[in-house]
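Asks: Next up is a structure, given as structure tokens.
The values are calculated or read from the model by the stated rules, or taken from the named source; none is laboratory data. Because the structure is a prediction, the values reported are computed rather than measured. Note that each Cβ is placed from the backbone with ideal geometry, even for glycine, and that neighbours are counted across all protein chains shown.
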Amino acid sequence: GKSWVLAVTAQTPTNIAVIKYWGKRDEELILPINDSISVTLDPDHLCTTTSVAVSPAFTHDRMWLNGKEVSLSGGRYQNCLRELRSRASDVEDEQKGVKITKKDWEKLHVHIVSYNNFPTAAGLASSAAGLACLVFSLAKLMNVKDDHSRLSAIARQGSGSACRSLYGGFVKWIMGKEENGSDSIAVQLADEKHWDDLVIIIAVVSSRQKETSSTSGMRETVETSMLIEHRAKEVVPKRIVKMEEAIENRDFPAFARLTCADSNQFHAVCLDTSPPIFYMNDTSHRIISCVEKWNRFEGTPQVAYTFDAGPNAVLISHNRKAAALLLQRLLFYFPPQADADLNSYVIGDKTILQ
Ligand code: PMV
């Protein structure tokens, strides 16, 4: 028959957890030991753009990331592709004279081309945006009719934190109870307009790739830390309730205290792991001290900090004015230089630079 190509392009921003996910109860399905809450960044910074295409001329599923072919043979990609194929529906393109039935999707192959608008190696949660975008674009191409929450359960099987990038604004990943993971999904707590005076600044402390992957780090923590159970069972459930309240009421002091405390506890359980995991470095610690001093001096928190599985600081300011002051101080104390401790800033609101 005649050859044809159908393609879809989607864009998905990354997300930053303010109540962290750390530890799985099921490694295969990626089911977490606690709920988590994140904020999705605006798509101008730190986002993935993915185009997916299908054609009878394609002989294998293939993927290119930032122009280089990557293997799709890993279990996580395979789980996502299988789930999507099983949910695909009929697709018709009258202009091209193409009709794909639900059954055809089992045999047809896809090509996936993905770009990050930030350095992949910078340790800036690239997997969250990447896997979410892959699932979202393929679901569009394959006419998967499931809603965002159902899609989040598929993205979750690619990378846990990816499930939270299916929504903008503030998002909660509910750990769920089911063994098959069907209720371990993301839900939106508030949309991107709800608290739009927050400004996010990311201080890129090191663009080196992290030494301990989140997958092995989590496994080691769950196996060896005595604090992790206390965190997952006693601390996080209470923090989740308080964080939801803080977000709903746009209560920045409460939001900032919870965010900083949760980042610090996450790094404390990493230190409580055997052998200990160090994600932050001296520059990260100096940034924390600076923010803590400033917040104490002002009497009420102006800036929240949070660090993921790497040394880069994610700083969340109360408003534009606080963000401008923060940036001034950061540029003074940590001037960005090539090869310096801190080499660049990514600002989650482009207007602040003007
Ligand atoms: O989804 P993963 O395996 O990249 O793990 C992410 C873990 C943290 O970024 C440290 C916390 C989080 O909730 O995003």
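Asks: Sort out which residues of the range 52-88 are touching a helix residue (DSSP H, G or I) at 6+ places or on another chain (Cβ under 7 Å) and either buried (at least 19 other Cβ atoms within 10 Å of the Cβ) or polar (S, T, N, Q) (or both), and write them in order of number.
Replies: Scanning the range 52-88 gives 52, 54, 66, 80, 83, 84, 88.
Asks: Restricting the first residue to the range 225-237 and requiring it to be modelled with pLDDT of 95 or more, which pairs with a second residue that is among the small types (Gly, Ala, Ser) meet a Cβ separation below 6 Å and a spacing of at least six or different chains?
Replies: Partner pairs satisfying both residue conditions: 228/23.
Asks: So which residues in the range 35-73 are modelled with pLDDT of 95 or more, within 13 Å of the ligand (Cβ to nearest atom) and of a type in the set (S, T, N, Q)?
Replies: Within the range 35-73, 36, 38 qualify.
Asks: If you don't mind, there's one more thing I want to ask. Answer yes or no: is there a residue in the range 149-166 that is over 15 Å from residue 84 (Cα atoms), charged (D, E, K, R), within 10 Å of the ligand (Cβ to nearest atom) and modelled with pLDDT of 95 or more.
Replies: Yes, there is a match, as at least one residue in the range 149-166 is over 15 Å from residue 84 (Cα atoms), charged (D, E, K, R), within 10 Å of the ligand (Cβ to nearest atom) and modelled with pLDDT of 95 or more.
Asks: Right, here's the next one. Only one residue in 214, 206 is touching a residue at least 12 places away in the same chain (Cβ under 8 Å) and within 14 Å of the ligand (Cβ to nearest atom), so which one is that?
Replies: Numbers: 206 fails: within 14 Å of the ligand (Cβ to nearest atom).
After ruling out the rest, the residue left standing is 214.
Asks: Restricting to the range 288-324, and then to whatever is of a type in the set (Ser, Thr, Tyr) and in contact with a strand residue (DSSP E or B) (Cβ under 7 Å, 6 or more places away or on another chain), can you tell me which residue is surrounded by the most Cβ atoms within 10 Å (Cβ to Cβ)?
Replies: Filtering first and then ranking leaves 317.
Asks: Of all residues in the range 4-34, how many are more than 9 Å from the ligand (Cβ to nearest atom), over 19 Å from residue 52 (Cα atoms) and in contact with a Lys or Arg (Cβ under 6 Å, 6 or more places away or on another chain)?
Replies: Qualifying residue count, the range 4-34: 2.
Asks: Which one is surrounded by the fewest Cβ atoms within 10 Å (Cβ to Cβ) among residues in the range 11-40 that are under 16 Å from the mean Cα position of the chain (by Cα) and over 22 Å from residue 237 (Cα atoms)?
Replies: Taking the candidates together, the pick is 11.
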